[in-house]
Amino acid sequence: MRLVEPIAGSNRNITCDNWFASVPLAKRLREEKKLTLIATLRKNKREVPPNFLPDSNREVKSSIFGFKKDCTLVSYVAKKNKAVLMISTMHDDASIDPETGDERKPMIITSYNDTKYGVDILDKMCRQYDAARNSKRWPLTLFFTC
């Protein structure tokens, strides 16, 4: 909530990955900060219904949508036994992007893919600049990791 303070009230969209996202956060951003959110969700969140989780009985390239006040949850099966969970407070319908053809991807996923550039940069920087190593000779640690 503190990170979005500079853009609060601007009616912008925030795209993030499952590290930051949750259903309560999406609702708070929408109600308190007037911001929308598109994000991936972890499968272990208690807000995710069991039928949205990966299952061998679900058809590949199928989607399940869930709607709550100002919040849409989608589970898309891209591969067998693999489901992608996403949440959006920007989308409010179960529309499938016609440009994806046989993939039948929901609009939430294509919107996320179009705007996730910053998420990819953050993930890359977190992998590249690991600050977990404690050392009294930190310049040397930094030198050898580059």
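Laboratory data are not the source of any read-out in this text; all were calculated from the coordinates shown. A quick note: this is a predicted structure, and the numbers were derived from the prediction, not measured. All Cβ positions, even for glycine, are placed from backbone atoms using ideal geometry, and neighbour counts span all protein chains on display.
Which of the lysines could a cross-linker bridge to Lys43, judged by Cα under 24 Å and excluding same-chain residues fewer than eight apart?
Lys27, Lys61, Lys68, Lys69, Lys79, Lys80, Lys82, Lys105, Lys116, Lys124
Run the quick spin-label model on Asn81 and Leu122: label points 7 Å from Cα toward the beta carbon, then report their separation in nm to one decimal.
Using points 7 Å along Cα→Cβ, the separation is 3.1 nm.
Can you classify the range 12-146 as rounded, prolate or oblate using the Cα gyration tensor, where a ≥ b ≥ c are the square roots of its eigenvalues, rounded means a/c under 1.5, and otherwise it's prolate if a/b beats b/c and oblate if not?
Prolate, because a/c is 1.5 or more and a/b exceeds b/c.
Which of rounded, prolate or oblate describes the range 25-88 when judged by the alpha-carbon gyration tensor and an a/c cut-off of 1.5?
Since a/c reaches 1.5 and a/b is larger than b/c, the shape of the range 25-88 is classed as prolate.
Could the peptides 107-113, 94-100 be put in order, highest first, of the mean number of other beta-carbon atoms found within 10 Å of their residues?
Working: 107-113: 19.9, 94-100: 13.1.
Sorting 107-113, 94-100 by mean packing, highest first, produces 107-113, 94-100.
Multiply the residue gap between Trp19 and Lys45 by 0.36 nm, knock off their C-alpha separation, and tell me the result in nm, one decimal place.
Net length gain for the segment: 8.2 nm.
Please give, to one decimal in nm, the separation of the simple spin-label points placed at Phe143 and Leu53, each 7 Å out from Cα toward the Cβ.
5.0 nm
Antiparallel versus total DSSP beta bridges in the range 8-138: what percent is that, nearest 5? Could the numbers behind the result be given before it?
Details: 17 of 21 bridges.
Once the DSSP bridges in the range 8-138 are tallied, antiparallel ones form about 80 percent.
Please report the relative contact order for the range 68-107, taking Cα pairs under 8 Å with a sequence separation of at least 6, and give it as a percent rounded to a whole number.
So the answer I get is 34 percent.
Report, by chain and number, residues whose modeled amide H sits under 5 Å from the one on Leu37, excluding near sequence neighbours (fewer than 5 apart, same chain).
Ile14, Thr89, Met90
According to the square roots a ≥ b ≥ c of the eigenvalues of the Cα gyration tensor, what is the shape class of the range 47-116, taking rounded for a/c under 1.5, prolate for a/b larger than b/c otherwise, and oblate for the remainder?
oblate
For the chain, what relative contact order do you get, as a whole percent, if you take Cα pairs closer than 8 Å and at least 6 residues apart? Please list the in-between numbers first.
Values: 209 pairs, mean separation 27.4, N = 146.
In percent, rounded to a whole number, it is 19.
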